[in-house]
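One structure below.
What follows is calculated from the coordinates using simple rules that are stated; it is not laboratory data. Values in this document were obtained by computation on a predicted structure and should not be read as measured data. Reconstructed Cβ throughout: ideal geometry from the backbone, glycine too, with neighbour counts over all protein chains shown.
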Amino acid sequence: MPVKLPQIIKQYVDASNEHDVKSILSCFSEKAIVRDEREEHRGKKAIESWSEKTIQKYKFHFKPLGIEKETAGIVVGMEVSGTFPGSPVSLHYYFTIKDEKILSLTIN
């Protein structure tokens, strides 16, 4: 049974799976922060660069496995496959949503 995601997270996952950087960016607020691989990317320009590099490097595909709501936001368990050793892996995507946009995303 598919995981029922909030609309903005579903849009992010779909855009990511299509490797559509413009659509990925449209999911984030202007002052969004992404934390991934021990680096922090602040603002849309930095997130755009991170998206392009990550797509190029890993050619990833996401498959949501589960969702939990926490006081600080929403956690989505994600199977991530791509061109990296150990593929696929299961990661946690921690989303903070504000005004129907992603305000922060931390990937562990």
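Below are the figures for this structure:
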{"item": "Charge dipole magnitude, Cβ of K and R +1, D and E -1 - the chain, Cα centre, debye nearest 20", "result": "100"}
{"item": "Where labels lie 7 Å past Cα in the beta-carbon direction, separation of ASP99 and SER26 in nm", "result": "1.8"}
{"item": "Shape of the chain, Cα gyration tensor, a/c cut at 1.5", "result": "rounded"}
{"item": "Ordering of 56-66, 82-92 by burial proxy (mean other Cβ atoms within 10 Å per residue, highest first)", "result": "56-66, 82-92"}
{"item": "Dipole axis of region 7-107 (+1 Lys, Arg; -1 Asp, Glu on Cβ), positive-most option in VAL21, ILE9, ILE67", "result": "VAL21"}
{"item": "Calculated from backbone phi, Karplus (6.51, -1.76, 1.60) coupling profile of region 91-108 in Hz, x at Gly/Pro", "result": "10, 10, 10, 9, 9, 10, 10, 9, 6, 6, 10, 7, 8, 8, 9, 10, 10, 10"}
{"item": "Above-threshold pairs, the threshold being 20 Å between Cα atoms, out of LYS10/LYS57; LYS57/LYS98; LYS22/LYS53; LYS45/LYS69", "result": "LYS10/LYS57; LYS57/LYS98; LYS45/LYS69"}
{"item": "Residues of region 6-21 with amide N under 19 Å of a point placed 7 Å along Cα→Cβ from SER81", "result": "13-20"}
